[in-house]
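Have a look at the structure below before the remarks.
The values are calculated or read from the model by the stated rules, or taken from the named source; none is laboratory data. All values reported here derive from a predicted model rather than from experimental measurement. Here the Cβ positions follow ideal geometry from the backbone for every residue, glycine too, while neighbour counts run over all protein chains shown. Note: areas computed on protein heavy atoms with side chains; ligands, DNA, RNA excluded. Shrake-Rupley method; radii C 1.70, N 1.55, O 1.52, S 1.80 Å.
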Amino acid sequence: MSSPALVEAAHPLPLTSREREVGSMVAAGLSNRQIADRLFVSVRTVEGHIYRACMKLDVADRNGLAQAMGTTVR
């Protein structure tokens, strides 16, 4: 059987360019504060990008996000 929800769950939405940018900075080992300072946004905004990227990639934390981006957090 197939339904729109199952299809969507099997193929998560692609990351936005900002989510990819934040994800790559997470993978490089930067803290939320460091990322916020580099992007001239608030730490809360960075947290939101990380949260949405993790949800889309079905990972639980920064390490999972870093691995999904092809790197591990130091």
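Among residues of segment 5-42 being closer than 17 Å to residue 59 by Cβ, open to solvent by 60 Å² or more (accessible area, probe 1.4 Å) and in contact with a helix residue (DSSP H, G or I) (Cβ under 7 Å, 6 or more places away or on another chain), the one that is modelled with the lowest pLDDT is 12.
Remark: pairs (first residue in segment 21-39, free of Cβ contacts under 8 Å to residues at least 60 places away in the same chain; second residue loosely packed, with under 15 Cβ neighbours inside 10 Å and of a type in the set (Asp, Glu); Cβ separation under 7 Å; 6+ apart in sequence or on different chains) = 32/47.
On the stretch given as segment 43-60, residues that are exposed (fewer than 13 other Cβ atoms within 10 Å of the Cβ), modelled with pLDDT of 95 or more and among the charged types (D, E, K, R) total 1.
Looking at this structure, is residue 59 closer than 15 Å to residue 17 by Cβ and among the aliphatic types (A, V, I, L, M)? Answer is no for this residue.
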